[in-house]
């Protein structure tokens, strides 16, 4: 198989340059624009008043913040420490699509209208005919001092774990139902996909009805994050489908 | 296997000067304008060309991006920010330009294929292979392999997850292989 020569690509692009004349033109335009925006700014005396007002607001905000921190420490000293340790974020995305969301309680991930695409190394649902679009949902977890992660699928679907050694080199493993003791690294990604038997069932119905999708393919997964000090914290995520058969991902707690 | 080249982007020499300005809180004077254009104009132009496959449009976009920089100078806060801001705005402006051009020039399929051939003919063969990729793949490929940005930086610029970036890089590379194979077979 022929490989693309990225060195050649780099060398070719190095030859694509902007002429000095063109640079001069742009510089002249920018200078003109810069002068006109500078002239449009407010006079200095007004700035002084604004600066004074800003200082008062800043001081007042600072006092408020300090008193808030002080009172929180008095009433909830141990609790706050525990909470900060438990803080982690989950971002969900459909493999390869533009979607990112960390903290909202629920959101829609649009399905791709085209045929099922399976990322390299990921599960094969080869029996699928070209009508069903089922894609891998990826979950990225971010947090400090996380050691291990357990993921459990209530409806016995497939859980993926991809570990990236570099940006180009990675390994994907998957298990049905639950995947425990996943060694957490910054470069690991979790994934979820319906199991092939459930996809087969949907195919047998020969329909793309969202109710059928929800009957066979919806799931609830529990992600348990273990911290290095032994504390652990769980998050439940429901996966279902809207009327257009898009994925609906909902963080339950 | 990491196929990236072991080189630093050509912006290095000039960028030190730009950084000194930023440490003092970005005084957007004429000197800084000159330094920014000399440092980043090639980068902006190449990104626009990568998306638009057309030198004239890329030129227009480059000018637009730099004028926007002046108008938005108050938003530029750090030395890293200026480069990333330019990359992001270059991508967005190029996308808008592409949409605008598409709307203006609604042509038949046969005309489209002819125009794409003439577009790529004036550009180096290796570059045009990447240009043949869909936009969602060629942009990360260019940013990663040419601009030497990390997956994390690309993820922030494009507003997608890191795994999304990796996935696009992987698919983009596979598509490039397919393009090469097709071209080899045609020969």
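The values are calculated or read from the model by the stated rules, or taken from the named source; none is laboratory data. What you see is a predicted model, and the numbers here were worked out from it, not measured in a lab. A quick note on method: Cβ atoms are made from the backbone with ideal geometry, for glycine too, and the neighbour counts reach across all protein chains shown.
Can you find even one residue in the stretch B:141-151 that is within 21 Å of residue A:141 (Cα to Cα), crowded, with 16+ Cβ neighbours inside 10 Å and facing chain A (nearest Cβ under 8 Å)? Steps first, please.
Within the stretch B:141-151, the first condition is being within 21 Å of residue A:141 (Cα to Cα), and the residues that meet it are B:150-151.
Still in the running and crowded, with 16+ Cβ neighbours inside 10 Å: B:151.
Then drop every residue that is not facing chain A (nearest Cβ under 8 Å), which leaves B:151.
So far as the stretch B:141-151 goes, yes, one or more of its residues are within 21 Å of residue A:141 (Cα to Cα), crowded, with 16+ Cβ neighbours inside 10 Å and facing chain A (nearest Cβ under 8 Å).
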Scan (1) buried (at least 21 other Cβ atoms within 10 Å of the Cβ); (2) part of a helix (DSSP H, G or I) for the single condition residue B:173 breaks and write down its number. (1)
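Here's the yes/no breakdown for (1) out of contact with any strand residue (DSSP E or B) (no Cβ under 6 Å at 6 or more places or on another chain); (2) at pLDDT below 85; (3) surrounded by 16 or more Cβ atoms within 10 Å (Cβ to Cβ):
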position: B:54; (1), (2), (3): yes, no, yes
position: B:76; (1), (2), (3): yes, yes, yes
position: B:101; (1), (2), (3): yes, yes, no
position: B:112; (1), (2), (3): yes, yes, no
position: B:123; (1), (2), (3): yes, yes, yes
Among the residues of the stretch B:155-164, is any under 24 Å from residue A:188 (Cβ atoms), assigned to a helix (DSSP H, G or I), facing chain A (nearest Cβ under 7 Å) and touching a helix residue (DSSP H, G or I) at 6+ places or on another chain (Cβ under 8 Å)? yes
Here is a list: B:84, B:14. Which entry is within 14 Å of the chain's Cα centre (by Cα), modelled with pLDDT under 90 and assigned to a helix (DSSP H, G or I)? B:84
Here is a list of conditions, (1) modelled with pLDDT of 85 or more; (2) crowded, with 18+ Cβ neighbours inside 10 Å; (3) within 8 Å of chain A (Cβ to nearest Cβ), and residue B:138 meets all of them except one; can you say which number that is? (3)
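For every residue, the table says whether it meets (1) out of contact with any helix residue (DSSP H, G or I) (no Cβ under 7 Å at 6 or more places or on another chain); (2) closer than 30 Å to residue B:154 by Cα; (3) at pLDDT 75 or above.
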{"site": "A:8", "(1), (2), (3)": "no, yes, yes"}
{"site": "A:21", "(1), (2), (3)": "yes, no, yes"}
{"site": "A:34", "(1), (2), (3)": "no, yes, yes"}
{"site": "A:42", "(1), (2), (3)": "yes, no, no"}
{"site": "A:51", "(1), (2), (3)": "yes, no, no"}
{"site": "A:67", "(1), (2), (3)": "yes, no, yes"}
{"site": "A:80", "(1), (2), (3)": "no, no, no"}
{"site": "A:108", "(1), (2), (3)": "yes, yes, no"}
